[in-house]
Amino acid sequence: MVEPRQEFERDLEAIEAKVIELFAMVAEDLPGATQALLTGNNDVLQALTEREQLINALYPEIEELVNREILLQAPVASDLRFLLSVLRIVPELERSHDLVVQIASRANHILGEDLSPRTRGIVERMGALASEMWRQSVDSWYQRDRSAALALEERDDEMDELHASLVAELASGRMALPVTMEMTLVARFYERLADHAVNIARRVVYLAGPVKEKPAG
Amino acid sequence: MEEQQDQLKLQQDQEVLPKLAVPDTAPRDKFTGTPVFDVTNGSIYYGSFRAVTDVSLSIYENEITAFIGPSGCGKTTVLRTLNRMNDLIVGARVEGDFRYRGMSLYAGNVSPTAVRRRIGMVFQKANPFPKSIYDNIAYGPRINGTRNKGKLDEIVERSLKQAALWDEVKDRLNKSGLGLSGGQAQRLCIARTLAVEPDVVLMDEPCSALDPIATGRIEDLMHEIKSRYTIVIVTHNMQQATRVSDRTAFYSVLRDEKSDTRTGVLVEYGQTAQIFGDPQDSRTQAYVTGRVG
Amino acid sequence: MTVASDPAARTVDLREPSGWRRSKNRIMTVLMYVAFVIVLIPLGFVLVTVVAKGASAISWQFLTNGTIPPNVMPLGVGGMGAAVVGTIEITAFAALIAIPLGVLGAIYLNEYGGKGILARLVSFLSDVMTGVPSIIMGLFIYLIWVVHFGYSGLAGSFALACLMLPIVIRSTYEMLRLVPDSLREGSYALGSTKARVTLTVVLPAAIGGIVSGALLAVARAAGETAPLLFTILTVEATNKNLFSGPNTALPEQIFVNAQSPYVGAQARAWGAALTLIAITFILMIVARIVTARFTRYTR
């Protein structure tokens, strides 16, 4: 016996696939961007800009698909939560990739050697933490895991601390002014990336739905 | 006054949500197709009462077209005109041009029975004959002269499979057609209609008496047979229209204050996504948003 | 009756209605049963009497012997065979005339006639005929047939057919009307002509009721005496030829024999009565069986 609403199911799966694609692009490109920043490598930027074009096409496509499903299928319950959640996280994903590209493009403006060792260290740790948080965020979406939000909020505090130390280091004036200004921006980028990861995890709480009550006894 | 307010509201909505460019990858939009029915300035009368005024639209091949609208707007009347079932009502007549694949449906030399063999109909309340399930399905082919038992067996099986009913009844084909549940009986009627392999299937609120599961099955059925048939469905359920149809025609009632008469008119006709997403006429907007019954 | 003593805790009385409402209910129920019993009494009385008085007369000879003896003869001489054959023959032929005509007439009225003049005329006349006394039918046939062609079973059949026709028309018409229009529409939508719709969907759907209606008409006709008086006369020997020569039938024989003072004749009358009731009974059972068979797809 054929399952009802097969076309609708297929459409939802198609949307999920595209969302995961977006997630993947951000998660994959982030370590590369950090690397490019620290080594001053320009080649990565080219690939990232191409990816950016893809995302700019993908993001409205996903939105249009979701609009169409909401209009034509009158979804309720988990279907509705899914579609609304997709609408909310797609802009966050798009902006996150923008940030990744921004980070990589800073490699043009500074030379890797200009950075003080302490700065380099903090940036490495920020990069690693951001990648880590993104990986967790993707997993939480994929598994509809509502508990990840809490964990990610704590790591966000860690990121805020790193941000604070980086700012302090930059304020000490050990590096040239242009470099310092660039790195301030970079600090902000990483911090924003972490925020986006947390936001997405918070959306997953809505997506996953209410906690199911255990039956008494 | 009301229309102005509607316009204003539409404008406000548009300012808040920026319109995105629709990408070319939208797969389901078909802007051209072969017209199966062409109705031009069609009016339908019962005696001197004008039930439907000046309808013009085209139904396209291999699409599902939905007729929606409030009670008394003539959508069922127009549907029944398409296969000349309206002839059965005493005093019914039409004016205007009703064409099926280029040929006039109401020309003098047209035989209604020939029309109905090409254009089948499924009714609101399932009406299986008080015969066995097998005889129900074989009824149509027998009219057309098929007598060979083997051929009939094949037709019965094929039709029941198309209607997604075969598995449920294959062991009781000689039991009465009246012993089926509502959803099964309706699928039986659909199978009966498909058995004569019509060109078009007209459906008059086929799911209005059915529960959601049975309704879902029939909607899936419609999706599956769409590639071989053209379907026109009258429905009260707007979500059904959005789930199922490619194009939607919205009918409404026009009240003439002076003579206190009511007549049905076609208000808007277009792609379903446009009718429900961005209706051009304020009456359409009022109906689909449930502001007007 | 409840009294709400505490407004905060209003109670609802769900018990049986008490007082005069309950009594009235009971009284009507009792009256209903009494009426039913009263109706059963004469029916039962008739059956019991006929069976009791007629059973002794029944024998194979009684049923088949073709010579009806004169009234003085006791039981055991001759038999009612002539009357049995006569009843069966005449009623069967009457049915042969009346049933097809009646069914076709009803089909015309319901499916084709609509509100036309002819249909309304036929319907009206049919209703009038239902009320015409059966003896008038007999006289009618006497005048137009017997006077010219003489007494015969055929004339009797005509008279009985006139009696049966309006009944068959009326009951068939009602049965056809009961067939829902949705079935007709379903057939039309598959490309049937009106004739095909009627033959393949409407008639089969109504056939159960039509058959039982027709058999009821037959049973009624089998018991008629008056129309036969003027048309078949009465004979005492079997006349197998329906078309020529006077004939006899059971109701007639009951009439003739019951009036006579002789014991033998009276016993024969009771026997004939029992036979007639038995024939009717058999017809009813056949009607039931046929109806059940034809309506097996409607359940």
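The values are calculated or read from the model by the stated rules, or taken from the named source; none is laboratory data. Everything quoted here is computed from the prediction, not taken from an experiment. Cβ atoms come from the backbone with ideal geometry, glycine included; neighbour counts cover every protein chain shown.
Based on what the data block shows, is B:G74 on the phi > 0 side of the Ramachandran plot and either crowded, with 16+ Cβ neighbours inside 10 Å or at pLDDT 55 or above (or both)?
yes
B:D256 fails exactly one of the following numbered conditions: (1) closer than 27 Å to B:N41 by Cα; (2) buried (at least 22 other Cβ atoms within 10 Å of the Cβ); (3) more than 14 Å from chain A (Cβ to nearest Cβ). What is the number of that condition?
B:D256 satisfies every listed condition except (2).
Is it the case that segment C:161-179 has a residue that's facing chain B (nearest Cβ under 10 Å) and at pLDDT 90 or above?
yes
Exactly one of these conditions fails for B:P130: (1) in contact (Cβ under 8 Å) with a residue 12 or more places away in the chain; (2) away from chain C (no Cβ under 14 Å). Give me its number.
Only one criterion in (1) in contact (Cβ under 8 Å) with a residue 12 or more places away in the chain; (2) away from chain C (no Cβ under 14 Å) is unmet by B:P130, namely (2).
Scan segment B:180-190 and tell me whether some residue there is of a type outside the set (A, V, I, L, M), assigned to a helix (DSSP H, G or I), more than 14 Å from chain A (Cβ to nearest Cβ) and surrounded by fewer than 16 Cβ atoms within 10 Å (Cβ to Cβ).
Yes.
Counting only residues that are in a helix (DSSP H, G or I) and free of Cβ contacts under 8 Å to residues at least 40 places away in the same chain, which one in segment A:1-15 is farthest from the other protein chains (Cβ to nearest Cβ)?
This residue is A:E13.
If you scan segment B:98-127, which residues turn out to be within 12 Å of another protein chain (Cβ to nearest Cβ) and without any contact (Cβ under 8 Å) to a residue 60 or more places away in the chain? Don't jump to the end; show me each part of the working.
Of the residues in segment B:98-127, the ones within 12 Å of another protein chain (Cβ to nearest Cβ) are B:111-127.
Residues satisfying the conditions are B:S111, B:P112, B:T113, B:A114, B:V115, B:R116.
Do we find a residue being within 14 Å of chain C (Cβ to nearest Cβ), within 29 Å of the chain's Cα centre (by Cα), under 17 Å from C:R196 (Cβ atoms) and surrounded by fewer than 20 Cβ atoms within 10 Å (Cβ to Cβ) anywhere in segment B:146-162?
Within segment B:146-162, one or more residues are within 14 Å of chain C (Cβ to nearest Cβ), within 29 Å of the chain's Cα centre (by Cα), under 17 Å from C:R196 (Cβ atoms) and surrounded by fewer than 20 Cβ atoms within 10 Å (Cβ to Cβ).
For segment C:257-283, enumerate the residues that are over 26 Å from C:S212 (Cβ atoms) and free of Cβ contacts under 8 Å to residues at least 24 places away in the same chain.
Within segment C:257-283, C:A258, C:Q259, C:P261, C:Q266, C:A269 meet the criteria.
Considering every residue within segment C:25-35, establish whether at least one is at pLDDT 95 or above, within 30 Å of C:A217 (Cβ to Cβ) and among the small types (G, A, S).
There is at least one residue in segment C:25-35 that is at pLDDT 95 or above, within 30 Å of C:A217 (Cβ to Cβ) and among the small types (G, A, S).
Yes/no per residue for (1) under 21 Å from the mean Cα position of the chain (by Cα); (2) over 27 Å from C:I141 (Cβ atoms); (3) assigned to a helix (DSSP H, G or I); (4) acidic (D, E):
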{"site": "C:R196", "(1), (2), (3), (4)": "no, yes, yes, no"}
{"site": "C:G208", "(1), (2), (3), (4)": "yes, yes, yes, no"}
{"site": "C:N239", "(1), (2), (3), (4)": "no, no, no, no"}
{"site": "C:L276", "(1), (2), (3), (4)": "yes, no, yes, no"}
{"site": "C:I279", "(1), (2), (3), (4)": "yes, no, yes, no"}
{"site": "C:R288", "(1), (2), (3), (4)": "yes, yes, yes, no"}
{"site": "C:A292", "(1), (2), (3), (4)": "yes, yes, yes, no"}
{"site": "C:Y297", "(1), (2), (3), (4)": "no, yes, yes, no"}
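Return the residues of segment C:185-194 that are facing chain B (nearest Cβ under 8 Å) and assigned to a helix (DSSP H, G or I); say none if nothing qualifies.
Across segment C:185-194, the qualifying residues are C:E185, C:G186, C:S187, C:Y188, C:A189.
With the requirement that a residue be buried (at least 24 other Cβ atoms within 10 Å of the Cβ) and either among the charged types (D, E, K, R) or over 17 Å from B:N136 (Cβ atoms) (or both), what does segment B:191-217 give you?
Matches in segment B:191-217: B:R192, B:L202, B:M203, B:C207.
Can you name the condition, by its number, that B:E219 falls short on among (1) more than 23 Å from C:L199 (Cα to Cα); (2) over 24 Å from the mean Cα position of the chain (by Cα)?
B:E219 satisfies every listed condition except (2).
When the residues of segment B:265-290 are narrowed to those that are among the charged types (D, E, K, R) and outside any helix (DSSP H, G or I), which ends up nearest to the other protein chains (Cβ to nearest Cβ)?
Within segment B:265-290, the match that is nearest to the other protein chains (Cβ to nearest Cβ) is B:D278.
Looking at A:L22, A:L87, A:L58, A:L54, which is the one that is within 14 Å of chain B (Cβ to nearest Cβ), touching a Leu at 6+ places or on another chain (Cβ under 7 Å) and closer than 30 Å to A:R188 by Cβ?
Step by step, each of A:L22, A:L87, A:L58, A:L54 is checked, and only A:L58 is within 14 Å of chain B (Cβ to nearest Cβ), touching a Leu at 6+ places or on another chain (Cβ under 7 Å) and closer than 30 Å to A:R188 by Cβ.
Got a number for residues in segment B:63-90 being small (G, A, S) and closer than 23 Å to B:E224 by Cβ? Steps first, please.
To start, the set of residues in segment B:63-90 that are small (G, A, S) comprises B:66, B:69, B:71-72, B:74.
Okay, now just the ones that are also closer than 23 Å to B:E224 by Cβ, so B:66.
Selection size over segment B:63-90: 1.
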